[in-house]
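Trainee: One structure coming up, written as structure tokens, with questions to follow.
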Amino acid sequence: MNIYLITDTEILYKMKTIVITVIYTLLSFSGISQDTLDALLDQYNNESIPYISVKELTTTQNNAILLDAREKEEYEVSHLKSAIHVGYDNFNLDLISKQNIPKDTLIVVYCSLGIRSEDISEKLKKVGYKNIYNLYGGIFEWKNNEYPVVNSLEEATDEVHVFSSEWGKWLLKGKKVYSN
């Protein structure tokens, strides 16, 4: 008869493996890893600002002020033509005030997917802007529909800053650029 002794280290390892497996399973079922853009946006947004689709924006783009709510590094890689960079972490309402944008002007705010742009849009709404929309799917959806983006020199580019591999999975067309 063989007697096999399990050490404390082996017990801890097995327990750790079980706990990690349970956590991973729970996270998978909780929706952390979203399968659709709708589900992702539902998870992070409260839809306090109405969405505008990429297709709708293409018909009204000439009449809209476009605000890019991504960080400067993302904006410099590429942005929608004539978009004004307003950022997210260092967003400042004074920048908007200096633009002398009338409160009833059509404003479309975008970011990578439409999450940060909702936050910035809410700030604009609080100070009286009335005609604000959040670009559904952001610059990723714009590029996925094969619309052009420009770099910091205002030249057409296929590059889009994707922020991280987690968010980058949503960019299906174009060249993904990550931070250094």
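Read-outs throughout are calculated quantities, based only on the coordinates presented, and are distinct from any laboratory measurement. In this text the structure is predicted, and so the values were computed from the model without any measurement. Methodologically, a virtual Cβ is constructed for each residue, glycine included, from the backbone with ideal geometry; neighbour enumeration extends over all protein chains shown.
Trainee: Which residues' amide hydrogens lie under 5 Å from the amide hydrogen of Ile52, considering only partners 5 or more residues apart or on another chain, with H built in the peptide plane?
Mentor: Asn134, Leu135, Tyr136
Trainee: Turning to a different aspect of this structure: Could you check the simple spin-label distance between Leu95 and Lys125, using points 7 Å along Cα→Cβ, in nm with one decimal?
Mentor: 2.1 nm
Trainee: Compare the peptides 61-68, 129-136, 101-108 by average per-residue count of other Cβ atoms within 10 angstrom and give them in order, highest first.
Mentor: The packing order, highest mean first, is 129-136, 61-68, 101-108.
Trainee: Amide H to amide H, which residues 5 or more places from Ile84 or on other chains are under 5 Å from it, using H placed in the peptide plane?
Mentor: Here Leu66, Leu67, Asp68 satisfy the definition.
Trainee: Also: Rounded to a whole number of µm²/s, how large is the Stokes-Einstein D of region 53-167 at 20 °C and 1.002 mPa s, given Rh as the Kirkwood radius over C-alpha pairs?
Mentor: Calculated translational D: 153 µm²/s.
Trainee: Moving to a separate point now. If you plug each phi of region 66-74 into the Karplus form 6.51 cos²θ - 1.76 cosθ + 1.60 with θ = phi - 60°, what whole-Hz ³J(HN,Hα) values come out, in order, with x for Gly and Pro?
Mentor: 9, 10, 9, 9, 9, 6, 3, 4, 5
Trainee: Okay, moving on. Could you give me the ³J(HN,Hα) list for region 155-170, computed from phi with Karplus coefficients 6.51, -1.76, 1.60 and θ = phi - 60°, whole Hz, x at Gly and Pro?
Mentor: 9, 4, 8, 9, 7, 9, 6, 9, 6, 7, 5, 4, 7, x, 4, 7
Trainee: Then there's this: Which cross-chain or sequence-distant (5 or more) residues have an amide H under 5 Å from the amide H of His161, H modelled 1.01 Å from N in plane?
Mentor: So His161 has HN proximity to Ser78, Val177.
Trainee: Nothing charged except the Cβ atoms of Lys and Arg (+1) and of Asp and Glu (-1): what's the magnitude of the dipole of region 38-158 about its Cα centre? Round to the nearest 20 debye.
Mentor: In total the dipole reaches around 540 debye.
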